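A quick write-up on the structure given underneath.
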Amino acid sequence: MTSPATGVRAERLARAQTFLARLGRVTSRPGPRSVLRRGLGRPMDHQSGQAAFATVIPLVPADDIATDAERAHIAIACLIASTTARDQPAAEGQETEAVTDEAPEESGEAISAGATSLGRTLALAVNGRFLSQATTQARLHHMCRQDLDGVLPHLPRLVGRLKAEAVPIDWAELLVDLSTWNTHRPYIAARWLRDYHRSLTTES
């Protein structure tokens, strides 16, 4: 089971935070936010998918310009836009220029909750009785057997449920996991499953 080196993963998480900071400024504007919402789940040969790509790709750090990583960044951007558009309209007269790349605090939660995997996030939702344990466990196990193409279609509905119940999502952690999923899937999937089952027993 191949796992990324600790230092390499830390660098990826730092780049993810940089991307999310840039994205936060873009999604504060209704126009780009709408473009990303329309691009959710759309392939690159669809007009909405191409528009989302054009919006996101300038924000992606240079070291993450690769097919899987690009797709992960676009997916995360569209997911964030789809869940913040309803409750995070840009403030009237809000300035969006000349801002540093510090990670923003928005959507009522920190962009990253401190290395919380999707597995643990789902366990928290189950413990809070926001999600069915049987259904969630079956879906998680199914996702962990898929490649990136198989994982991405599950995320819009799942993320929508989590956000509807105000369950915090560690976007940076999820972005790094998706960016490296096809390369390190056995390692990442095992961590998601381990975190899910351990969190159920210790926090339920």
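What follows is calculated from the coordinates using simple rules that are stated; it is not laboratory data. If you're wondering where the values come from, they're calculated on a predicted model, not measured in any experiment. Cβ atoms come from the backbone with ideal geometry, glycine included; neighbour counts cover every protein chain shown.
Taking other C-beta atoms within 10 angstrom as a stand-in for reagent exposure, Asp149, Asp170, Asp45 fall in the order Asp45, Asp149, Asp170, fewest first.
Working from label points 7 Å from Cα in the Cα-to-Cβ sense, the Gln47 to His142 distance is 3.2 nm.
Taking Cβ atoms as reference points and 12 Å as the exclusive limit, the residues near His154 contribute a net charge of +3, counting Lys and Arg as +1 and Asp and Glu as -1. Coupling constants for the range 142-152 follow from the phi torsions by the Karplus curve (6.51 cos²θ - 1.76 cosθ + 1.60, θ = phi - 60°), and in residue order they are 5, 4, 5, 9, 9, 7, 4, 4, x, 7, 4 Hz; glycine and proline get x. Distance between Cα centroids, the range 45-82 to the range 121-150: provide it in whole Å. That distance is 24 Å. Other residues with beta-carbon under 11 Å from the beta-carbon of Leu193 carry, at +1 per Lys or Arg and -1 per Asp or Glu, a net charge of +4.
Charge tally around Met44: other residues with Cβ under 12 Å, Lys/Arg +1 each, Asp/Glu -1 each, net 0.
Sparse packing (at most 16 other Cβ atoms within 10 Å of the Cβ) combined with a DSSP loop state is found for the following chymotrypsin sites (Phe, Trp or Tyr not before Pro) in the range 115-204: Phe130. Note on Arg198, Arg71: ascending count of other Cβ atoms within 10 Å places them as Arg198, Arg71, the fewest first.
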